[in-house]
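Accompanying notes for the structure given below.
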Ligand code: SF4
Ligand code: SF4
């Protein structure tokens, strides 16, 4: 068991981050090396300033709001919570003063954000079982949602699992110790391998690793491409 | 399918992979938000008529030959081998899409299904599986252009026969005639405006009358505007047909090239002619300008029936000419009713992308897929349906007959010519 814990919490993490970053960079470079399109791909009527509308379309999902408000609601909730979780994870490495502009406890959300995210993921998954979205979907779409769901559910419920032991086990300081050791390339999992709910951490990390390794080969690349594509439409 | 042909087709595919195209193919999250955007799906709710499904037919081939995921784990993204079956799917996807780009307005990323379908069309050409009629029309158009020197004489004689009809709509002053001006000037070096018409008197007579009424220094192009190369998705023929007009405009040193009522011709000329010493305008824009500048006067009492206007997709949503036709209709004194509160959401007529040019072969599909268009027009209770594209005009006339609509389909330019005050 210790070996499995070690493999997931150390080499697999390094591998996942390597595949994620190198894969994503290569994919983006490949796109950027393609020739420019010779003419406009804009939609009219145009609204100025186009960059501002591009930001509006990209970050507030304007067209989704207009054409599928229920899906838009869940998409907004999902993406916002995802952003909060990224902030939460960064703060598990060290304090970032800038992230504390609005003061909050570490770890952000106390598991509720993850729960909301899971509910959105269940919604996204279920709508893929109904036509016509079902007819458009390919296996990748289901796997990605399931992977994310598993990563999120184990991650977010760790905080609740701690309450079972009176909140002493595996707190913020332990995660910081572990993540810092990974950062400094002196991996030490002794901070987080205590019996109890550490299996949840291992599962969380395992699924998150799979997700990260899948990222550069999947449609999630839209996180980088949405902005330039929306700019093309706005002209 | 033979391996050699497949390799050639993959090369053709690769030639279409520009930066935006690659992004379109990489990004779709298959969220389905675009589903209700397509008139074909809205009229016949079948998955194959959704924009994303169409695009997936191309995207699955992309995954197979251009993506690591498709090579390592093809099942994950349902990557597909390019074979005879896929060609059939490509045909159905490409020739049930009119390239209206209404779905692009719905998509949170702005994915352009028309662009993706242009890959399907090119692959079909490469496999000799495209609609023969469209290629034939494109070839005829190209060869007509090549043999223009031999045809000039007969073309000019044909124009002579139309002159009386132009004069019926707008009489020229005796002085103008004495100065050698003709009702349909052609090949005039130093003219301000080159008018590119369609083959057919309906595209020349009203336009000529309005140019003459406005005192425009204009000249008619030897070439017809329609670009069958663009319909069939052949970049080489598209460019050949486009370039000869560009060359003519440069030879005559005109300041403006005005495209007749043809959506594809306008968009191709406006967006693909590159940086040139002349402006490109649509005839509707030019008419609006004449009215605004007081160069022509219109009789506001002629239109006594309610009017609506169908925005041709390639001219409005994809070409930006939106205010001009509304202004012209207002100046015609029309009891005007909008088809769609926001013109960028106007339904496509269902005849674009070469479907009308394919004639009877597509008639059944065109009529069924235009159900939403027919409903939209009927809801306005308009008795005149104006438009500014020959393709749309033909399709709307077919729809009107098919759905027994009590509406007369008219060209906007003819309405302007008929209302000229001498
Ligand atoms: S709306 Fe855009 S991302 Fe969603 S399925 Fe349609 S094309 Fe794909
Ligand atoms: S471009 Fe128009 S016809 Fe083609 S899929 Fe999109 S909405 Fe449908």
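Determine one quarter of the surface area of the Cα convex hull of segment B:135-292, which equals its mean projected area, and express it in nm² to one decimal.
Numbers: hull surface 36.4 nm².
Its Cα hull, projected and averaged over all orientations, spans 9.1 nm².
Among B:256-269, B:59-72, A:103-116, what's the highest-first ranking by average C-beta atoms within 10 angstrom per residue?
Values: B:256-269: 27.1, B:59-72: 19.6, A:103-116: 16.7.
Ranking the peptides B:256-269, B:59-72, A:103-116 by packing returns B:256-269, B:59-72, A:103-116.
Two decimals, Cα atoms only, Kirkwood Rh: what is Rg/Rh over segment A:66-151? Write down the numbers at each step before the final one.
Numbers: Rg = 15.5 Å, Rh = 14.4 Å.
Rounded to two decimals, Rg/Rh equals 1.07.
So what is Rg over Rh here for segment B:75-188, counting just Cα atoms and using Kirkwood for Rh? If you can, show how the numbers build up before the last one.
Numbers: Rg = 23.9 Å, Rh = 19.1 Å.
For segment B:75-188, the value is 1.25.
Using only the Cα atoms of segment B:297-421, construct the convex hull and provide its projected area averaged over every direction, in square nanometres to one decimal.
Details: hull surface 28.4 nm².
Directional mean of the projected Cα hull area for segment B:297-421 stands at 7.1 nm².
Can you tell me the relative contact order of chain B? Whole percent, Cα pairs under 8 Å, sequence separation 6 or more. Mind showing how you got there, number by number?
Working: 714 pairs, mean separation 68.8, N = 422.
Relative CO of chain B lands at 16 percent.
Between segment A:1-17 and segment A:157-235, what is the separation of their alpha carbon centroids in Å?
With segment A:1-17 and segment A:157-235 each reduced to a Cα centre, they are spaced 12 Å.
For helix B:201-213, report the angle its Cα long axis makes with the longest principal axis of the Cα atoms of chain B; keep it between 0 and 90° and round to the nearest 10°.
For helix B:201-213, the angle is close to 50 degrees.
Give the percent of DSSP beta bridges with both residues in chain B that are antiparallel, rounded to the nearest 5. Don't jump to the answer; show the numbers that get you there.
Working: 1 of 24 bridges.
Around 5 percent of the beta bridges assigned by DSSP in chain B are antiparallel ones.
Counting only other chains, what is the mean number of Cβ atoms within 10 angstrom of the Cβ of each residue in peptide B:1-7?
Other-chain Cβ atoms within 10 Å of each residue's Cβ, averaged: 0.
What number results when the radius of gyration of chain A, computed over Cα atoms, is divided by 2.2 N^0.38 Å?
Values: Rg = 20.1 Å, N = 235, 2.2 N^0.38 = 17.5 Å.
Cα Rg divided by the expected 2.2 N^0.38 Å: 1.15.
Quote the relative contact order of segment B:297-421 in percent (integer), defining contacts as alpha-carbon pairs under 8 Å separated by 6+ residues.
Details: 188 pairs, mean separation 41.2, N = 125.
Relative CO of segment B:297-421 lands at 33 percent.
Where the Cα atoms of chain B are projected onto their three principal axes, how long is each span, largest first, in whole Å?
78, 49, 34
Semi-axes of the protein assembly as shown's equivalent ellipsoid from the Cα gyration tensor, sqrt of 5 times each eigenvalue, largest first, rounded to whole Å?
Details: eigenvalues 666, 130, 96 Å².
Semi-axis lengths for the protein assembly as shown are 58, 26, 22 Å.
If you take the square roots of the eigenvalues of the alpha-carbon gyration tensor of segment B:3-130 and sort them as a ≥ b ≥ c, do you get rounded (a/c under 1.5), prolate (a/b over b/c) or oblate? Intermediate values should be presented prior to the final figure.
On the way: a/c = 1.68, a/b = 1.37, b/c = 1.23.
Judged from the Cα gyration tensor, segment B:3-130 comes out prolate (a/c at least 1.5, a/b above b/c).
Just order A:86-92, B:238-244, A:154-160 by mean Cβ neighbour count inside 10 Å, highest at the front, would you?
A:154-160, B:238-244, A:86-92
Ignore the peptide's own chain and count Cβ atoms of other chains within 10 Å of each Cβ in B:33-40; give me the average, rounded. Please list the in-between numbers first.
Values: counts 10, 4, 7, 3, 2, 0, 0, 0.
Going residue by residue through B:33-40 and averaging, the value is 3.
Tell me the angle of helix A:69-90 to the major Cα principal axis of chain A, expressed in degrees between 0 and 90 and rounded to the nearest ten.
40 degrees
What is the average number of partner chain Cβ atoms found within 10 Å of a Cβ in B:373-385?
On the way: counts 0, 0, 0, 0, 0, 0, 0, 0, 0, 0, 0, 0, 0.
Partner Cβ neighbours, averaged per residue: 0.
Report the relative contact order of segment B:42-186, percent, no decimals, based on alpha-carbon pairs under 8 angstrom and at least 6 residues apart.
Working: 100 pairs, mean separation 24.3, N = 145.
About 17 percent, as a whole number.
Any idea what angle helix A:112-127 forms with the longest principal axis of chain A, computed on alpha-carbon atoms, 0 to 90 degrees, nearest 10?
Result, in degrees: 50.
Read-outs: derived from the displayed coordinates by stated rules, not from any lab. On a predicted model such as this, the values are computed, not experimentally measured, just so you know. FYI the Cβ positions are ideal-geometry reconstructions off the backbone, even for glycines, and counts take in every protein chain you see.
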